[in-house]
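The values are calculated or read from the model by the stated rules, or taken from the named source; none is laboratory data. Computed from a predicted model, the values in this text were never measured in an experiment. Cβ: placed from backbone, ideal geometry, glycine included. Neighbour counts: every protein chain shown.
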Amino acid sequence: MGVDPGVSGGLAVLRGDGTVAHLRAFRPSMTHEDLVDAVRMALAALTAEGSRWVFVEKVGYMSSDGGKGANTFGRVDGLIRGALLMSGHAPIDIYPMVWQAKMECLTGGNKNVSKRRAQELFPGEKITHATADALLIAEHGRRRLAL
């Protein structure tokens with residue numbers, strides 16, 4: 001499972017063969033309950049695939065987001081991590097530069113780069129900016145575990 005935390009992120013669960021088992025975008029309008037439900041549904045898909053591995057992008061707030069943005073990011077990221085931990089799934093932190101380098105899509109902040117790469121790797125999926133990074137994080141984790 002790959003998680004791009006934040007209100008404009010998402011989560012993805014891949015099968016062992018790399019196909020998508022579950023994909024969900026987060027929306028700014030989601031309540032805390034909605035976010036926990038999204039994590040719960042993804043974990044159900046992960047369990048159905050016989051896996052327990054959850055890779056979460058290790059990022060902080062952007063100073064350009066201001067205080068309110070930092071607070072919102074921190075609450076969403078903390079809520080996602082808390083839901084994972086409460087379900088017995090310890091998140092594995094993965095830095096953006098690490099997964100982007102391995103997935104050959106160093107973005108430099110341009111989300112179109114990761115979206116384009118996700119479309120190449122998952123041509124049958126409807127890729128959005130919200131789900132692209134989650135898919136690539138999940139694929140990075142899947143490849144890492146296959147070594």
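Among the residues of segment 45-54, which ones are touching a residue at least 24 places away in the same chain (Cβ under 8 Å) and either closer than 16 Å to Ala130 by Cα or part of a helix (DSSP H, G or I) (or both)?
Ala45, Leu46, Ala48, listed by residue number.
Take segment 75-94 and flag every residue that is farther than 14 Å from Ala134 by Cα and either part of a helix (DSSP H, G or I) or among the β-branched types (Val, Ile, Thr) (or both).
Answer for segment 75-94, where residues must be farther than 14 Å from Ala134 by Cα and either part of a helix (DSSP H, G or I) or among the β-branched types (Val, Ile, Thr) (or both): Arg75, Val76, Gly78, Leu79, Arg81, Gly82, Ala83, Leu84, Leu85, Met86.
Failed condition for Ala134, given (1) more than 14 Å from Ser8 (Cα to Cα); (2) at pLDDT 95 or above; (3) hydrophobic (A, V, I, L, M, F, W, C), with all others met?
For Ala134, the exception is condition (1).
Determine the pairs where a residue that is among the hydroxyl-bearing types (Ser, Thr, Tyr), located within segment 122-147, has a partner that is surrounded by fewer than 24 Cβ atoms within 10 Å (Cβ to Cβ) and at pLDDT 95 or above with Cβ atoms under 9 Å apart, the partner being 6 or more residues away or on another chain.
Thr128/Ala25; Thr128/Lys115; Thr131/Leu23; Thr131/Arg24; Thr131/Ala25; Thr131/Lys115; Thr131/Glu125
Determine the pairs where a residue that is within 10 Å of Ala42 (Cβ to Cβ), located within segment 1-12, has a partner that is at pLDDT 95 or above and acidic (Asp, Glu) with Cβ atoms under 7 Å apart, the partner being 6 or more residues away or on another chain.
Short answer, once both residue conditions are applied: Val3/Glu57; Gly10/Asp4.
Can you confirm whether segment 27-44 contains a residue that is within 16 Å of Val56 (Cβ to Cβ), touching a residue at least 60 places away in the same chain (Cβ under 8 Å) and under 14 Å from the mean Cα position of the chain (by Cα)? So that I can check it myself, show each step before the final result.
Within segment 27-44, the subset within 16 Å of Val56 (Cβ to Cβ) is 35-36, 38-40, 42-43.
Narrowing further to those that are touching a residue at least 60 places away in the same chain (Cβ under 8 Å): none.
Looking through segment 27-44, none of the residues is within 16 Å of Val56 (Cβ to Cβ), touching a residue at least 60 places away in the same chain (Cβ under 8 Å) and under 14 Å from the mean Cα position of the chain (by Cα).
Looking at segment 1-25, which of the residues that are in a loop (DSSP other than H, G, I, E, B) and within 10 Å of the chain's Cα centre (by Cα) is surrounded by the fewest Cβ atoms within 10 Å (Cβ to Cβ)?
Result: Gly6.
For segment 98-127, give me each residue that is of a type in the set (Ser, Thr, Tyr) and assigned to a helix (DSSP H, G or I).
Listed by number, the list holds a single entry, Ser114.
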